[in-house]
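Q: The structure that follows is given in the form of structure tokens.
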Amino acid sequence: MANTASSPTPAAVDVRGWGWRHASRLRPALEGIDLRIEPGERVLLLGPSGAGKSTLLHAMAGVHGGDDEGEAVGELLVDGAEPARVRGRSGLVLQDPDSQVILARVGDDVAFGCENLGVPRDEIWRRVRESLDEVGLDVAIDHPSSALSGGQKQRLALAGALAMRPGLLLLDEPTANLDPDGVREVRAAVERVLDRHGSTLVVVEHRVEVWADLVDRVVVLGLDGRLMADGPPDVVLSRQRAALLAAGVWVPGGLGPTAPRRRVAVDEPTEPLLTANGLAVGRRPRDIVQRGLDVELPRGTSTVLTGPNGAGKSTLALTLGGLLRPLDGRVEASASLSAGLRGDPIGWRSRDLLTRIGTVFQEPEHQFVTSSVRAELEVAPRALRLGDRETAARVEDLLARLRLDRIALANPFTLSGGEKRRLSVAAVLAARPSVLVLDEPTFGQDRITWLELTALLRELVDEGLTLLSVTHDAAYIAALGDRGIRLEPTNTRAFA
């Protein structure tokens, strides 16, 4: 392992009897955690959705906040000090990269952490360019950070962390929203940085195979908030195999996803509920990312929208969902979907969209408006003026189907990334829209919740739901790819 004079000293982490309870919950998210992470160790942190992986990572970074956010017990130290007192020693990449974008230009954003650490100016900009190259973010340093796709923002956040040269690198699902090439590039970038600087690594990821041969230790948290396993990767993944699979951990070579395929045969194309002709899309009038698109979403069919990061997938999905205005061309709803409204969904009110087109954003937090999971699921039925009995029936069914019942009273913003994703899907499904648009629907899901979510969507499509999903998940595409649209940076093509 190379280490130069300018490299950071690898950090050590000591956790003794540590636990954390969110301020809005009765039960602790984690308790009784005992760990010693040696300087330079590379640790993969696993566990089912909601096991507290992100909570532990945030504690190591010292970003949990004060008593108003929660209560800690026990001791957690980085290099013998409380993490909040040595924040410059840790570089954290969050599950939601959008929340880490601070400044308006890419280069300034990457430089932000270095500036706070007092790194000399010339050295800062050398690190900025080097870090952007390492993560494969091929944009100018004055490129607007707000114009990046979700996957590009993920690379930007990683570049910012790497530029700080942290002694402890903390990664929370850093490849979750990346295309396959992006996954390989980011993983390779992390390996290069670790080999060059020797930093200690703790990475949270559901897909074990991405990191298994890079780490030298696997730590597994159970759904009860306690340690479930700890040891070398080959030992943990082989000896604890049955227990890990039962808990929902994605074990390499384990039982693969078996979501049900289409039950209802479709001999001929059904009526398109949404049609786009000559469509040009972009977030700004002068920033067209795709043009000349002809797209149809047939009734009762699942369509997957794929392509590399930055190709405009989320932008197209939001435009088809009536939330972004087309920059050219037109989106037209069928007569049965518009039901007396004008044909272009961009002119519909939010109440009109509720039962017609439901959209789940890439960032779940952007859709939460209440202080509890149950209340979040009640928003759409209340807006539709459904009775208490019908509202309760819909809410209870979704709570159970998507494993949200045990956290029904929790604040949505305290949930894990996977729980937030399932809640955002459930909140839209509560309105029972005719068309459902999902952006990265399987982000943060363990093996069990993945199976249950895809099975529910398959069932709804078979019952007549029209589904459009933006995804990089090959298993999801196999389960729900009745039709496909692939975007490249300059064009589009459909596949059957």
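The values are calculated or read from the model by the stated rules, or taken from the named source; none is laboratory data. These numbers come from a predicted model, not from an experiment. Please note: Cβ atoms are built from the backbone with ideal geometry, for glycine as well, and neighbour counts cover all protein chains shown.
Q: Find the residue count for the range 282-307, including only residues that are outside any loop (DSSP other than H, G, I, E, B), closer than 17 Å to Leu323 by Cβ and β-branched (Val, Ile, Thr).
A: Within the range 282-307, residues that are outside any loop (DSSP other than H, G, I, E, B), closer than 17 Å to Leu323 by Cβ and β-branched (Val, Ile, Thr) number 1.
Q: From the list Ser199, Ser131, Ser99, Ser146, which one is within 30 Å of Leu77 (Cβ to Cβ), surrounded by fewer than 23 Cβ atoms within 10 Å (Cβ to Cβ) and among the polar types (S, T, N, Q)?
A: One residue alone meets the criteria, Ser99.
Q: Quick check on Gly118: is it over 22 Å from the mean Cα position of the chain (by Cα), buried (at least 20 other Cβ atoms within 10 Å of the Cβ) and modelled with pLDDT under 95?
A: No.
Q: Of Val110, Val101, which residue is more than 23 Å from Leu227 (Cβ to Cβ), assigned by TED's automatic domain parsing to the domain that holds His206 and in contact with a Lys or Arg (Cβ under 7 Å, 6 or more places away or on another chain)?
A: Step by step, each of Val110, Val101 is checked, and only Val101 is more than 23 Å from Leu227 (Cβ to Cβ), assigned by TED's automatic domain parsing to the domain that holds His206 and in contact with a Lys or Arg (Cβ under 7 Å, 6 or more places away or on another chain).
Q: Scan the range 385-412 residue by residue and report those that are in contact with a Gly (Cβ under 9 Å, 6 or more places away or on another chain) and either assigned by TED's automatic domain parsing to the domain that holds Pro48 or hydrophobic (A, V, I, L, M, F, W, C) (or both).
A: Correct list: Ile407 only.
Q: Let me ask something else. Criterion first (within 15 Å of the chain's Cα centre (by Cα), within 29 Å of Arg207 (Cα to Cα) and assigned by TED's automatic domain parsing to the domain that holds Leu305) does Val461 satisfy it?
A: no
Q: Being of a type outside the set (Val, Ile, Thr), under 29 Å from Leu137 (Cβ atoms) and crowded, with 18+ Cβ neighbours inside 10 Å is the filter here; which residues of the range 284-313 pass it?
A: Once the filter is applied, which keeps residues that are of a type outside the set (Val, Ile, Thr), under 29 Å from Leu137 (Cβ atoms) and crowded, with 18+ Cβ neighbours inside 10 Å, the range 284-313 yields Gln290, Leu293, Leu305, Gly307, Pro308, Asn309, Gly310, Ala311, Gly312, Lys313.
Q: Let me ask you something else. Considering only the range 105-129, state which residues are of a type in the set (A, V, I, L, M) and not in a helix (DSSP H, G or I).
A: If the condition is that a residue be of a type in the set (A, V, I, L, M) and not in a helix (DSSP H, G or I), then Leu117, Val119 are the ones that fit.
Q: Could you list all residues from the range 319-340 that are buried (at least 21 other Cβ atoms within 10 Å of the Cβ) and not hydroxyl-bearing (Ser, Thr, Tyr)?
A: Passing the criteria: Leu320, Gly321, Gly322, Val331, Ala333, Leu337.
Q: Tell me the residue from Gly329, Gly310 that is in contact (Cβ under 8 Å) with a residue 12 or more places away in the chain, at positive phi, in the same structural domain as Asp462 (by TED's automatic domain parsing) and under 21 Å from the mean Cα position of the chain (by Cα), please.
A: Gly310
Q: Quick check, is Gln95 part of a helix (DSSP H, G or I), outside the structural domain of Val281 (by TED's automatic domain parsing), within 23 Å of Phe413 (Cβ to Cβ) and under 15 Å from the mean Cα position of the chain (by Cα)?
A: No: the conditions fail for Gln95.
Q: Looking for whichever is exposed (fewer than 15 other Cβ atoms within 10 Å of the Cβ), modelled with pLDDT under 95 and β-branched (Val, Ile, Thr) here; the options are Thr4, Thr9. Which one fits?
A: Of the residues listed, the single one that is exposed (fewer than 15 other Cβ atoms within 10 Å of the Cβ), modelled with pLDDT under 95 and β-branched (Val, Ile, Thr) is Thr4.
Q: I would also like to ask the following. Can you name the number of the only condition in (1) touching a residue at least 60 places away in the same chain (Cβ under 8 Å); (2) surrounded by fewer than 23 Cβ atoms within 10 Å (Cβ to Cβ) that Gly66 fails?
A: The failed condition is (1).
Q: Quick one: in the range 12-33, which of the residues that are modelled with pLDDT under 95 and not in a strand (DSSP E or B) is nearest to Gly222 (Cα to Cα)?
A: Ala29
Table: residues versus (1) part of a helix (DSSP H, G or I); (2) modelled with pLDDT under 90; (3) farther than 30 Å from Thr319 by Cα.
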position: Leu244; (1), (2), (3): yes, no, yes
position: Gly254; (1), (2), (3): no, yes, yes
position: Thr258; (1), (2), (3): no, yes, yes
position: Arg261; (1), (2), (3): no, yes, no
position: Val264; (1), (2), (3): no, yes, no
position: Asp267; (1), (2), (3): no, yes, no
position: Asn277; (1), (2), (3): no, no, no
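Q: Is it the case that the range 312-334 has a residue that's assigned to a strand (DSSP E or B) and among the small types (Gly, Ala, Ser)?
A: Checking the range 312-334: at least one residue is assigned to a strand (DSSP E or B) and among the small types (Gly, Ala, Ser).
Q: Can you tell me which residue within the range 413-462, out of those that are outside any helix (DSSP H, G or I) and aliphatic (A, V, I, L, M), is farthest from Leu354 (Cα to Cα)?
A: Per the stated criteria, the residue is Leu415.
Q: Assess whether Arg351 counts as being out of contact with any Lys or Arg (no Cβ under 7 Å at 6 or more places or on another chain) and within 25 Å of Glu419 (Cα to Cα).
A: Taking the combined requirement at face value, the residue does not satisfy it.
Q: Between a first residue in the range 166-187 that is farther than 16 Å from Asp96 by Cα and a second residue that is surrounded by fewer than 18 Cβ atoms within 10 Å (Cβ to Cβ) and at pLDDT 85 or above, which pairs have beta carbons less than 6 Å apart while being 6 or more apart in sequence or on different chains?
A: Gly167/Thr9
Q: Given (1) among the hydrophobic types (A, V, I, L, M, F, W, C); (2) buried (at least 21 other Cβ atoms within 10 Å of the Cβ); (3) over 30 Å from Arg241 (Cα atoms), where does Ala72 come up short, assuming only one miss?
A: (2)
Q: Looking at this structure, is Val78 farther than 20 Å from Leu223 by Cα and at pLDDT below 95?
A: Judged against the criteria, Val78 is not a match.
Q: Follow-up question, since we're still on this one. Can you tell me which of Arg432, Arg374 is at pLDDT 95 or above, over 18 Å from the mean Cα position of the chain (by Cα), over 27 Å from Glu69 (Cα atoms) and surrounded by fewer than 24 Cβ atoms within 10 Å (Cβ to Cβ)?
A: Arg432
Q: I want to confirm something. Restricting to the range 377-395 and keeping residues that are among the basic types (Lys, Arg) and closer than 14 Å to Leu354 by Cβ, which single residue is surrounded by the most Cβ atoms within 10 Å (Cβ to Cβ)?
A: Arg394
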